[in-house]
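In what follows, a single structure is set out as structure tokens and then discussed.
Any read-out appearing in this document is the output of simple, stated calculations on the displayed coordinates, not a laboratory observation. Keep in mind it's a predicted model, so treat the numbers as computed, not measured. No Cβ is skipped: glycine too gets one built from the backbone with ideal geometry, and neighbour counts run over all protein chains shown.
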Amino acid sequence: STVVLVFQAPSLKSLEREDTTSEFRFSIGRGDKIRVGEALGKWQN
Amino acid sequence: TSFVKKAQASSRARASFSSGSANNSQGNTFLVPGATVATLLMLGALHARRLYDDKKVEEAREKGIEVEFKPDVKVICLCYIFDNATSTFHFKVLGFLDKHYLEEAALPLEEYTSLREFFVRTLKQGSRPIDHDPHCLVSPVDGIILRFGELKGAGAMIEQVKGFSYSVSSLLGASSFLPMIAEGDVHEEREDSAVIENTKKSWWRISLASPKVRDTVSSCPMKGLYYCVIYLKPGDYHRIHSPVDWNVLGRRHFSGRLFPVNERATKTIRNLYVENERVVLEGLWQEGFMAIAAIGATNIGSIELFIEPELRTNRPRKRLLHSESPEERVYEPEGVGVMLKKGDEVAAFNMG
């Protein structure tokens with residue numbers, strides 16, 4: 001079985017426009033094992 | 001007798017076509033019936049010997065003599081080689097399972113009455129600590145990361161493997177609330193983006209009021225739309241959790257096939273994830289759009305939604321009448337839907 005996540009997150013474009021100071025970055029790599037609750041990606045405020 | 005006669009007749013017929021090999025054919029004629037007769041005689045002899053032995057044991061018991069078990073060489077070999085080796089092997093396999101799966105299961109192994117129950121097991125409290133950083137998005141499942149990235153370009157394609165791609169709209173449904181824009185409007189969108197961002201939910205309301213089929217070729221995803229594909233191996237923890245705090249506004253069920261989703265299948269079956277049965281949840285979180293697609297596979301029977309227990313998937317009739325249009329449901333109250341916290345259980349992959 002497979003799960004696909006599709007989501008909106010802060011991007012570089014919003015940097016130009018708003019006070020956002022960071023874009024979303026994945027903290028994983030292809031082939032990594034991951035468990036429920038572990039971070040997929042982060043952004044700074 | 002009739003079988004032997006028929007065999008002889010067919011052999012003679014063959015011999016008439018090849019006169020040179022007449023002697024060989026004559027030899028084969030008696031080989032098959034001879035072997036059959038010998039086997040029958042041997043079985044008869046063995047049965048007669050067993051009857052004789054049983055009669056002797058019965059006579060001995062009548063006289064008050066209890067026959068003792070006398071293991072021969074064959075039994076001793078079986079006991080010492082196969083039994084011991086097998087039990088040791090079982091112990092090692094169970095030890096491996098114990099380390100990787102049983103240790104985390106909420107209940108002891110004997111509490112699970114079937115493999116199906118164990119497959120959808122819950123875990124002990126605290127086995128999966130949730131990263132509560134408000135600026136992070138967590139994994140909804142235990143699995144292996146297959147693909148991830150930002151959706152860009154016409155059609156917003158996700159690469160299955162090199163050469164095989166599928167569009168996000170096909171995966172989530174043509175009436176998805178994906179924040180897409182027409183390709184020609186990309187530049188206009190840059191100027192209007194401030195307005196769009198200020199009214200984040202407006203596109204949702206418009207989509208909900210009049211769901212339309214989007215042309216996946218001529219439309220592009222809005223900037224900042226990401227995806228992640230996670231594969232769950234057989235034996236992994238098969239429950240799906242919420243990746244963030246969000247409001248689930250709708251559900252879409254595609255009654256498809258149940259192809260395997262292993263590495264080999266992804267390389268050979270085009271549009272594998274779009275063909276398989278799946279349940280899609282869509283909604284909103286603090287940064288905008290959010291969707292989770294739970295895709296079934298051969299080892300998965302059905303997908304269970306905890307926020308909608310009455311939903312039934314993997315129904316034979318539905319699979320026979322496989323169609324493009326999914327079954328949809330909008331969660332009430334409209335615009336709010338079902339609120340989920342980060343780490344909450346959302347769904348489970350069932351066996352059967």
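Tabulated values for the structure
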read-out	value
Net charge contributed by nearby residues that have their C-beta within less than 15 Å of residue B:133 (K/R +1, D/E -1)	0
For segment B:245-352, average projected area of the Cα convex hull in nm²	7.6 nm²
Over 19 Å between alpha carbons, listed pairs A:42/B:223; A:42/B:267; B:162/B:223; B:152/B:342; B:223/B:267	A:42/B:267; B:162/B:223; B:152/B:342; B:223/B:267
